[in-house]
Amino acid sequence: MPAIHPESAVEEAEKELSQSVWPQLESIYFQNFERVLNAFRSHRVGEEHFFSVTGYGHDDLGRAVTDRVFAEALQAESALVRTSIASGTHAIAIALNGCLRHGDTLMMMTGSPYDTLEEVIGIRGDDPQSLRNRGIRYLETSVIDGQEIRNTLTEQQIDGIRQARIVYFQRSCGYSIRPSLSVRQFSVLCRQVRIINPNAIIFVDNCYGEFTEAQEPTAVGADLIAGSLIKNPGGGIVPAGGYIAGRKDLVDACASVLTCPGVGRHGGYTFDLTRLILQGLFLAPHAVYEALKGMTLAAFLFEREGYASKPLWHELRTDIIQTLQLGDPEKLIGFCRTLQKFSPVNSAITPIPADVPGYADKVVMAGGTFIEGATLELSADGPLRAPFSVFLQGGLCYAHTRSVLKTILETI
Ligand SMILES: *Cc1c(COP(=O)(O)O)cnc(C)c1O
């Protein structure tokens, strides 16, 4: 039980946050919202776009306008937005496959990629369709040194970039201990890569990052970005899907991988989901803002209780993840159980640590979400190993995150 009553602790935190970081978050929200709204207006979205054509799905006006609206909202020349993209991993895999040929080199700049990309690249497993098994060379380096992002490249990095067809950055730290890469930091690195190798395709895994800052990586030099619709850009209501955005020639190549050459982006039934995808995009800047407010509250409250957190409550954010080092397995399990108990869905379920494929330690997970696995909805998880960090993310309504955190404070 903390020194002061949880309700007062939350009120004090809110007083401080509303005078410091929340106005910055609000300003980002307003800028993103206006850009999204203008995208709807400039492409003249109408009710006629909410109906799908069946069969081959040729001439689906809604599908075409959705691609254009997303492109503008994400500050890109072109976009491919589909529910047939199964996940963020699938979107990234399509992007890599669309741009790489046998004999090309893929150069990763931000250390190990997100776990699920390891099999796509061929670092783990031996799938015949992995990039490695199809003749693509993989190089990995990191511009991140502990908690610092370096913006001077080593000789070896410069050499790798010279050989690369794709130079790959991951914006969010995901579940690693490194800091996330802000759009400003990315832009500095991007300019250097461009000078070293003007022909390289600069790709960014944008998962978790959309609308957390006023600019997307595509506005500052990325050639291609990809992400998931059950994270930020789906606004919490899109049931499935992913997007790829960037240079038109590259997005077209990705469309040929998703469907097939000749069909590209011109085919595929959209199952009457276009209205939901567009409405999700419309809501996304607000949902991300609510999530970020909740994450700053979590950081503030737990820092005050003496726990280490990343990012710190007052630091700039470029994704929707908040890490809290709880330092004790019981606290980690307790945190997840309380969050689960105060979820709108599956509140009667008790999370227990379990083995998860791809992880060496048992993992405890909580998230009573309307859409399975949707991490723009409030959710938490953490591996049962020191320092027993909980990864907290999402929160469609600030009031929900606030209520959960207050209850956790009462019991931790
Ligand atoms: C979530 C995530 C992915 C993979 O997305 P899925 O939809 O879970 O397949 C890739 N990279 C990062 C940084 C992510 O956060």
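Checked against the criteria, Leu25 counts as more than 17 Å from Val238 (Cβ to Cβ), away from the ligand (no atom under 16 Å from the Cβ), aliphatic (A, V, I, L, M) and in contact (Cβ under 8 Å) with a residue 60 or more places away in the chain. With respect to the conditions (1) touching a residue at least 60 places away in the same chain (Cβ under 8 Å); (2) assigned to a helix (DSSP H, G or I), Glu34 falls short on a single one, namely (1). Of all residues in the stretch 238-253, those satisfying the criterion of being of a type outside the set (Lys, Arg) and more than 16 Å from the ligand (Cβ to nearest atom) are Gly246, Asp249, Leu250, Val251, Asp252, Ala253. With respect to the conditions (1) of a type outside the set (Gly, Ala, Ser); (2) surrounded by fewer than 18 Cβ atoms within 10 Å (Cβ to Cβ); (3) farther than 30 Å from Gln279 by Cβ, Thr54 falls short on a single one, namely (3). Considered as a group, the residues in the stretch 115-136 that are touching a Pro at 6+ places or on another chain (Cβ under 9 Å) and crowded, with 18+ Cβ neighbours inside 10 Å include one that is farthest from Gly103 (Cα to Cα), and that residue is Val120. Residue count for the stretch 366-388, restricted to those that are assigned to a strand (DSSP E or B) and at pLDDT 95 or above: 3.
Of the residues making up the stretch 189-219, those that are under 18 Å from the mean Cα position of the chain (by Cα) and either within 17 Å of Gln157 (Cβ to Cβ) or not in a loop (DSSP other than H, G, I, E, B) (or both) are Ile202, Phe203, Val204, Asp205, Pro217, Thr218, Ala219.
At least 1 residues being under 26 Å from Thr259 (Cα atoms) and within 16 Å of the ligand (Cβ to nearest atom) is the threshold, and among the helices (runs of 4 or more DSSP H) wholly inside the stretch 77-171 those reaching it are 88-99, 117-121. Of all residues in the stretch 138-150, those that are surrounded by fewer than 16 Cβ atoms within 10 Å (Cβ to Cβ) have Cβ atoms under 8 Å from Cβ atoms of residues that are assigned to a strand (DSSP E or B) and of a type in the set (A, V, I, L, M), 6 or more apart or on another chain, in Arg150/Ile144.
Exactly one residue out of Pro353, Pro329, Pro383 is closer than 20 Å to Phe302 by Cβ, touching a residue at least 24 places away in the same chain (Cβ under 8 Å) and more than 24 Å from the chain's Cα centre (by Cα): that is Pro329.
Contact list please: Cβ distance under 8 Å, first residue in the stretch 297-319 and more than 19 Å from Ile149 (Cβ to Cβ), second residue among the charged types (D, E, K, R), pairs at least six apart or on different chains. Pairs found: Leu297/Glu14; Leu297/Arg402; Phe300/Glu16; Trp313/Glu303. Does Tyr269 meet the test of being away from the ligand (no atom under 16 Å from the Cβ) and either buried (at least 24 other Cβ atoms within 10 Å of the Cβ) or assigned to a loop (DSSP other than H, G, I, E, B) (or both)? For Tyr269, the condition - away from the ligand (no atom under 16 Å from the Cβ) and either buried (at least 24 other Cβ atoms within 10 Å of the Cβ) or assigned to a loop (DSSP other than H, G, I, E, B) (or both) - is met. Test Leu25 against the stated conditions and say whether it is among the hydrophobic types (A, V, I, L, M, F, W, C) and touching a helix residue (DSSP H, G or I) at 6+ places or on another chain (Cβ under 7 Å). The answer is yes for Leu25. Within the stretch 216-236, restricting attention to residues that are in contact (Cβ under 8 Å) with a residue 60 or more places away in the chain and among the aliphatic types (A, V, I, L, M), the residue that is surrounded by the most Cβ atoms within 10 Å (Cβ to Cβ) is Leu229.
If we scan the stretch 28-35, do we find a residue that is surrounded by 11 or more Cβ atoms within 10 Å (Cβ to Cβ) and within 25 Å of His266 (Cβ to Cβ)?
no
Answer with yes or no whether Thr54 is within 14 Å of the ligand (Cβ to nearest atom), in contact with a Phe, Trp or Tyr (Cβ under 7 Å, 6 or more places away or on another chain) and not basic (Lys, Arg). The answer is no for Thr54. Within the stretch 250-276, residues that are more than 11 Å from Ser84 (Cβ to Cβ) have Cβ atoms under 7 Å from residues that are assigned to a loop (DSSP other than H, G, I, E, B) and among the hydroxyl-bearing types (Ser, Thr, Tyr) in these pairs: Asp272/Ser52; Thr274/Ser52, counting only partners at least 6 apart in sequence or on another chain. Pairing each residue of the stretch 190-208 that is of a type in the set (D, E, K, R) with any residue that is modelled with pLDDT of 95 or more and surrounded by fewer than 19 Cβ atoms within 10 Å (Cβ to Cβ), provided the two are 6+ apart or on different chains, yields C-beta distances under 8 Å for Arg191/Gly221; Arg194/Gly221. So, of the residues in the stretch 309-346 that are within 16 Å of the ligand (Cβ to nearest atom) and over 17 Å from Leu376 (Cβ atoms), which turns out to be surrounded by the most Cβ atoms within 10 Å (Cβ to Cβ)? Taking the candidates together, the pick is Thr323. For the stretch 172-221, filtered to residues that are hydroxyl-bearing (Ser, Thr, Tyr) and in contact with a helix residue (DSSP H, G or I) (Cβ under 7 Å, 6 or more places away or on another chain), the residue that is farthest from the ligand (Cβ to nearest atom) is Ser187.
The values are calculated or read from the model by the stated rules, or taken from the named source; none is laboratory data. Note that the coordinates shown come from a computational prediction; the quantities given were computed from them, not determined experimentally. All Cβ positions, glycine included, derive from the backbone under ideal geometry; neighbour counts span all protein chains shown.
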